[in-house]
């Protein structure tokens, strides 16, 4: 028995007028598959099974689920909502769909419940639907331009410019800050940082397969390693020599390169055979079992100074092309004679960490100094007084006494304890976002929460404990991602770690609509304390959520045991200092510039905000330097629903991904090596476990 018709999709052109070259699409009761199979268009961005529309004669709403790889847009009233693959939403009579953002417009009209659903059409005696498109266009214009003369031009889909006005407002707390809904959806499009402020924030890395706006102000490896590099120290966990040299060929010209890595013996042997002759390989000692060298950083020495880079990507193709990653960097000048003996916390932390790596000593020929010895103490020759962040490192060992608060979460605790935060962050929530989950227990989660809740208010009272949430991709997120199930190979947490019951209250969704990164699975690691779109502090780090990375207190809290090397940068609401705009590769030539001064950095307190912070109409913030951090996910995050299942990489998933694959499958990570990852063996599933 055929399903009864309950609605219709009417094709529109970009002027929101009926498109006569396309037929209307009937919507029947039940599930309606919509895509290239039944809509006569040749645009291959439109999947054959692009979306499913589930309609009912008893309900004026229809349930929509995106099945294809590309996003769908719902225009409802004055709201424009972007749905990515796997997302669900409801549509009502009169809503307009963009099957591809900016293309293939269809208006949904119901044939029943006209009065209840505020129908804009009527059914004539022959049953065909007639729509008052003049009313639709007028209402669309009113939604986009409700009469204010204060207009903003924004890109819409295919590049068409639409007017938006500050009359579309949201009210947050008691502040009447202006809010433009579409700019919130594509907020990264408007993230532009001048060179003299770049060290105050961090950058996301470019991702292939995302729309152009989603790569705004993002970086790639050849834009980071640039200029006349004399010495390069590359610190990482995984290193694909072949890919690295092809992605950044200028490294072949660097006179001295030290690669600090965490690779296994088989990969190390390959690296030794294929590395340039002037490259030195070093794997730091791991005195405690199950530890890794996991830090991801670079030190680039230039004639003018040194560039310090801390990031989250392994030196392999997929990490720099397919995943959501973060990178911070700042250039520092040489010290002059009067500064030779001056230090600062950033310098102390950096030198201590380099010493812990037990780096090999080598020599390099520098134009101004001749032949010099490169060891940890060499890096004391640079002026780090204008560092915009604090370093948070982990080093393996049993740390006690004066070293108890030198590393790991105790280092973070000691720095936060010295910071005064605004009243709005009292007992404010925490976010833990990472790509590998260790074997945890509630006692340790309380220990970490205590460290991350440290800090005081203006009256010296403690901030109070924050409630943490864990942002973690679901199985559906991975299945529908840019890489399909292959992305799950870089989220290597086993079911025994993920399924622990006490974790259920922490799970929150990876949603990154405003940065366009929903389908780019996160390899970035971030830890945050926030209130709305204001950030108390923000940590970008290599550390996952594990005792091995952060350390665990022992012996009545008198000893901290850490297994792995990690490195991160902590953004705080400190004072902006002169010199944040110094560049090792710029064209600055004055003595003042060489020393690192810049007129654009004033001594004002920093206010950290997200990309979707709604601006400032409040005089309370007038003395603050607003620093926007491109936090890739939405705050506050949404909790998992009963249908969401957290990803674990040692389960079988038989529902096919966007490439028609199931899991487990083999995943190639290195250019010239065999497949690495999960695979089947006669005994069942065989895992090559790694912490990414």
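A few comments on the model shown:
- Taking the range 271-288 as the range and being over 16 Å from residue 394 (Cβ atoms) and in a loop (DSSP other than H, G, I, E, B) as the test, the residues that pass are 275, 276, 277, 278, 283.
- Hits in the range 164-204 - residues which are in a loop (DSSP other than H, G, I, E, B), in contact with a helix residue (DSSP H, G or I) (Cβ under 7 Å, 6 or more places away or on another chain) and at pLDDT below 50: 168
- Check on residue 274, surrounded by fewer than 20 Cβ atoms within 10 Å (Cβ to Cβ) and either in contact with a helix residue (DSSP H, G or I) (Cβ under 7 Å, 6 or more places away or on another chain) or in the same structural domain as residue 360 (by TED's automatic domain parsing) (or both): yes
- Pick from the range 637-673, criterion assigned to a strand (DSSP E or B) and at pLDDT below 95, ranking: surrounded by the fewest Cβ atoms within 10 Å (Cβ to Cβ): 666
- Within the range 340-376, the set of residues being out of contact with any strand residue (DSSP E or B) (no Cβ under 7 Å at 6 or more places or on another chain) and closer than 25 Å to residue 281 by Cβ comprises 351, 352, 354, 355, 356, 358, 375, 376.
- Breaking point among (1) modelled with pLDDT under 85; (2) in contact with a strand residue (DSSP E or B) (Cβ under 6 Å, 6 or more places away or on another chain); (3) closer than 16 Å to residue 100 by Cβ, for residue 11: (1)
- Residues that are more than 18 Å from residue 497 (Cα to Cα) and assigned to a strand (DSSP E or B), drawn from the range 542-563: 553, 554, 559, 560, 561, 562
- Single residue of the range 313-322 satisfying the filter (touching a strand residue (DSSP E or B) at 6+ places or on another chain (Cβ under 8 Å) and part of a loop (DSSP other than H, G, I, E, B)) that is surrounded by the fewest Cβ atoms within 10 Å (Cβ to Cβ): 316
- Qualifying position, being in the same structural domain as residue 582 (by TED's automatic domain parsing), modelled with pLDDT under 95 and surrounded by 19 or more Cβ atoms within 10 Å (Cβ to Cβ), among 210, 234: 210
- Conditions (1) touching a strand residue (DSSP E or B) at 6+ places or on another chain (Cβ under 8 Å); (2) surrounded by fewer than 21 Cβ atoms within 10 Å (Cβ to Cβ): number failed by residue 399: (2)
- Across the range 40-66, the number of residues qualifying as crowded, with 21+ Cβ neighbours inside 10 Å and either free of Cβ contacts under 8 Å to residues at least 40 places away in the same chain or not in a loop (DSSP other than H, G, I, E, B) (or both) comes to 6.
- In this entry, residue 310 passes the filter for residues that are under 30 Å from the mean Cα position of the chain (by Cα), surrounded by 18 or more Cβ atoms within 10 Å (Cβ to Cβ) and part of a strand (DSSP E or B).
- The condition (being at pLDDT below 95 and either touching a strand residue (DSSP E or B) at 6+ places or on another chain (Cβ under 6 Å) or in the same structural domain as residue 258 (by TED's automatic domain parsing) (or both)) is satisfied by just one residue among 325, 330, 337: 337.
- Just one residue in the set 257, 219 is touching a residue at least 12 places away in the same chain (Cβ under 8 Å), over 25 Å from the mean Cα position of the chain (by Cα) and surrounded by 18 or more Cβ atoms within 10 Å (Cβ to Cβ); that residue is 257.
- Pairs are defined by a Cβ separation below 8 Å, a sequence spacing of at least 6 or placement on different chains, a first member in the range 499-518 that is not assigned by TED's automatic domain parsing to the domain that holds residue 213, and a second member that is at pLDDT 95 or above; no pair meets this definition.
- Given (1) in contact (Cβ under 8 Å) with a residue 40 or more places away in the chain; (2) farther than 23 Å from residue 308 by Cβ; (3) in the same structural domain as residue 379 (by TED's automatic domain parsing); (4) in contact with a helix residue (DSSP H, G or I) (Cβ under 6 Å, 6 or more places away or on another chain), index of the condition residue 247 fails: (2)
- Looking only at residues in the range 420-444 that are in a helix (DSSP H, G or I) and in contact (Cβ under 8 Å) with a residue 60 or more places away in the chain, the one that is nearest to residue 537 (Cα to Cα) is 425.
- The range 363-395: number of residues that are assigned to a strand (DSSP E or B) and either exposed (fewer than 14 other Cβ atoms within 10 Å of the Cβ) or under 31 Å from the mean Cα position of the chain (by Cα) (or both): 11
- The range 235-244: number of residues that are out of contact with any helix residue (DSSP H, G or I) (no Cβ under 8 Å at 6 or more places or on another chain) and in a strand (DSSP E or B): 1
- Residues considered: 229, 207. Of these, the only one that is part of a loop (DSSP other than H, G, I, E, B) and closer than 30 Å to residue 84 by Cβ is 207.
The values are calculated or read from the model by the stated rules, or taken from the named source; none is laboratory data. Since we're looking at a predicted model, the values are computed, not measured. Reconstructed Cβ throughout: ideal geometry from the backbone, glycine too, with neighbour counts over all protein chains shown.
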